[in-house]
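Each reported figure results from applying straightforward, stated rules to the coordinates on display, with no laboratory input. These figures come from a predicted structure and were not determined experimentally. In this analysis, Cβ positions are derived from the backbone assuming ideal geometry, glycine residues included, and neighbour counts consider all displayed protein chains.
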Amino acid sequence: MNTAIEIKKGIYWIGVNDRRTHIFENYWPLPKGVAYNSYVIIDEKVVVLDTVERSHMDQYLESLEAVLQGRKVDYLIINHVEPDHTGSIKALLSQYPETTVVGNAKTFPMLRNYYGIEQNLLEVKEGDTLNIGARTLTFAMAPMLHWPETMVTYLPGDNVLFSADIFGAFGTLDGSIFDDQVDLDYLEEEISRYYSNIVGKYGVPAQTALRKLGSLPIDMICALHGPIWRTHIADILAKYDKWSKYETDEGVVIAFSSMYGHTEQMADCIGRFLAEMGIKKIRIHDTSKTHPSYIINDIFRYKGVILGSSAYNGGIFPTMETLLNELENMCIKNHYLAYFANKTWGGGALPCFKAFAEKIKWEVVAEPNEATGAMSLSDVEQCRNIARAMVEKLRS
Ligand code: FEO
């Protein structure tokens, strides 16, 4: 079935929706699915920008064929090599073998390694242009957003930015593809979760890219996932600016690991004190139930982070260890931290939190608490101290 949609005169979206894949990159949950977007420009030359994940190759090629109306593909621009966008490249090239593949110096080794593609390549560098008839495309490098080869393609005149994964979102496009047609409230968490989990590690490169792209007139942002931005461009640019500067709102994320509920009691106790002290944005997550992607997303929103864990086999509870590893790996900056533990008999969680705090370099705002089984009165008081210290920091 042809699902192509003309988004500007001679420019088409030929994306697909994936409601079947449970986890993106075999790790990140997709409760609302994901869209893989690809685009076609019909001019004197025909240009395709990126492809789609191979599971949707047949539908994709049908849409492409319908848009082409008998023409061939002259250029295939690869803004991003990750296989959710290049999975259909071999099929496309076998159907349109005269296609020239456009990428940069870092693109082509990856294409060779993944797909054995080594011929009909056109290498572009920062600022290079490609005339395709009435239009001329310009290329800009966006390394580490979120892979080293990532680049963006800009179309002056139409003022369209083909932005690779930048400004993308989880969630399928359910009947609509533009930001002013889709339910952005429904997608809000999937937009921020996409940033925080996929792009979030690369705040500094994101700031560099925003400075570079900020001076361009942009009427439309065509990302490789999520809606096409044409009405809320300033909003999404502002969100990216805020997120990539690690700016947060007043609020506290409490994440705990608890085997029999005693460590959870401390989390609830701290949450209660925070609320009594006037904090409204409190998010308490059980690491055994909630995937780290949601906890990380909340940590990108709120400045205060309080972590608690029971001991397990002389160390920290496994699901908390996973979260700590994720947070360390993502190098998230600018947070206040407090932590608490439950040692039961041997302990082990507290030293892990201490090592984590030293590595991630968040400011520790309170002395940790370590309970021994059920909460005692002194544990309650120390939970109060943790809450008070966090609130004082947040409001200082
Ligand atoms: Fe959507 Fe980085 O691939």
Amide proton proximity set for residue 24, modelled H, under 5 Å, gap of 5+: 30
From phi via Karplus (6.51, -1.76, 1.60), per-residue ³J(HN,Hα) for the range 61-67 in Hz, x at Gly/Pro: 5, 5, 5, 4, 4, 5, 5
Phi-based couplings in Hz for the range 209-219 (Karplus 6.51, -1.76, 1.60; Gly and Pro marked x): 5, 5, 5, 5, 7, x, 8, 7, x, 10, 9
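Students often get this wrong, so check it: of 239/303; 9/90; 90/239; 90/125; 32/354, which have C-alpha atoms separated by over 26 Å? Walk me through the numbers on the way to the answer.
Working: 239/303 16 Å; 9/90 28 Å; 90/239 36 Å; 90/125 24 Å; 32/354 37 Å.
From 239/303; 9/90; 90/239; 90/125; 32/354, over 26 Å: 9/90; 90/239; 32/354.
What does the charge dipole of the chain about its Cα centre add up to, to the nearest 20 debye, if the Cβ of each Lys and Arg holds +1 and the Cβ of each Asp and Glu holds -1? Let's see the in-between values first.
Working: 38 positive and 50 negative charges, 145 e Å.
My answer is approximately 700 debye.
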Proximal aspartates and glutamates relative to residue 281, as straight alpha-carbon distance under 12 Å, when same-chain residues fewer than 8 apart are discounted: 249, 250, 298
Neighbour cut-off at most 12 other Cβ (10 Å), DSSP loop, GluC sites (Glu not before Pro), the range 7-59: 25, 44
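Considering only the range 267-350, what is the antiparallel percent among its DSSP beta bridges, to the nearest 5?
20 percent
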DSSP bridge orientation in the chain - percent antiparallel, rounded to nearest 5: 40 percent
Shape category assigned to the range 42-184 from the gyration tensor of Cα positions, a/c cut at 1.5: rounded
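Once you compute Rg and the Kirkwood Rh from C-alpha atoms, what is the Rg to Rh ratio for the range 276-367?
On the way: Rg = 12.9 Å, Rh = 13.6 Å.
Taking Rg over the Kirkwood Rh, I get 0.95.
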Distance in nm between pseudo-label sites at residue 372 and residue 259 (7 Å out along the Cβ direction from Cα): 1.7 nm
Alpha-carbon centroids, the range 1-54 and the range 305-353: separation in whole Å: 39 Å
Candidates 241, 286, 249: whichever shows maximal mean-square fluctuation once the chain is modelled as a Gaussian network with Cα springs under 10 Å: 249
Inter-label distance, nm, simple model (7 Å from Cα along the C-beta direction), residue 118/residue 207: 4.2 nm
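Kindly identify the chain as rounded, prolate or oblate by the Cα gyration tensor criterion: order the square roots of the eigenvalues as a ≥ b ≥ c, call it rounded if a/c is under 1.5, otherwise compare a/b with b/c, prolate if a/b is larger, else oblate. All intermediate terms of the calculation are to be shown ahead of the outcome.
On the way: a/c = 2.58, a/b = 2.33, b/c = 1.11.
It comes out prolate by the Cα gyration axes.
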Dipole of the range 255-348, positive direction: furthest Cα of 259, 294, 279, with charges on the beta-carbon: 279
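Determine, from the Cβ-Cβ distance of residue 325 and residue 363 and an R0 of 25 Å, the FRET efficiency 1/(1 + (r/R0)^6), rounded to the nearest 0.05.
On the way: r = 21 Å, r/R0 = 0.83.
Computed FRET efficiency for residue 325 and residue 363 comes out at 0.75.
Order by neighbour count: 20, 230, 112, fewest other Cβ atoms within 10 Å first, most last.
Numbers: 20 9, 230 18, 112 12.
In increasing order of surrounding Cβ atoms, one gets 20, 112, 230.
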Distance (nanometres) between label positions extended 7 Å along Cα→Cβ at residue 186 and residue 62: 2.3 nm
Nonlocal amide H pairs with residue 228, under 5 Å, H built at 1.01 Å: 178, 179
Under the Karplus curve 6.51 cos²θ - 1.76 cosθ + 1.60, θ = phi - 60°, whole-Hz ³J(HN,Hα) for the range 29-40, x wherever Gly or Pro sits: x, 10, x, 10, x, 7, 10, 10, 9, 9, 9, 10
Total charge dipole magnitude, the range 222-272, about the Cα centre, Cβ charges on Lys, Arg, Asp, Glu only, Debye to nearest 20: 220 debye
Shape of the range 1-124, Cα gyration tensor, a/c cut at 1.5: oblate
The range 262-341, dipole about Cα centre (Lys/Arg Cβ +1, Asp/Glu Cβ -1), debye to the nearest 20: 380 debye
